[in-house]
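Contents: one structure, followed by commentary.
The values are calculated or read from the model by the stated rules, or taken from the named source; none is laboratory data. Please read all numbers here as calculations on a predicted model, not as lab measurements. Note that each Cβ is placed from the backbone with ideal geometry, even for glycine, and that neighbours are counted across all protein chains shown.
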Amino acid sequence: MSEKPICEIPKNVRETIQIRLGTFKKHRFVDMRIFIKEDGKDPAPTPKGLAVSPTLWPQFKVALAKVEEAMIMEGWIDREDLEPQPG
């Protein structure tokens, strides 16, 4: 798996969601996993996560767009919330 995450999303004070490119037994995947930070230790991966094959990535992106639209329609988020944030 890639040494460094492509991106990290803070979930709460102790957990982050890290997204990395990985390989296992010659299979490539996008790994989205929860990492937990314990006092005095480096963040460690938990079993909680999702691995998406590159062949499924186009379908995954379409599904995320549908979820996004549903959240807007239900009033969970505003379209403005999806605008890129500076920094």
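The table below gives the values:
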| read-out | value |
| --- | --- |
| Per-region count, the stretch 30-87, residues in a helix (DSSP H, G or I) and out of contact with any Asp or Glu (no Cβ under 8 Å at 6 or more places or on another chain) | 22 |
| Given (1) assigned to a loop (DSSP other than H, G, I, E, B); (2) modelled with pLDDT of 95 or more, number of the condition ILE17 does not satisfy | (1) |
| Search result, residues across the stretch 15-37 that are under 16 Å from THR55 (Cα atoms) and either surrounded by fewer than 17 Cβ atoms within 10 Å (Cβ to Cβ) or over 11 Å from the mean Cα position of the chain (by Cα) (or both) | LEU21, GLY22, THR23, PHE24, LYS26, HIS27, ARG28, PHE29 |
| Any hit, the stretch 61-73, residues being surrounded by 10 or more Cβ atoms within 10 Å (Cβ to Cβ), closer than 18 Å to ARG20 by Cα, in contact with a strand residue (DSSP E or B) (Cβ under 9 Å, 6 or more places away or on another chain) and without any contact (Cβ under 8 Å) to a residue 60 or more places away in the chain | no |
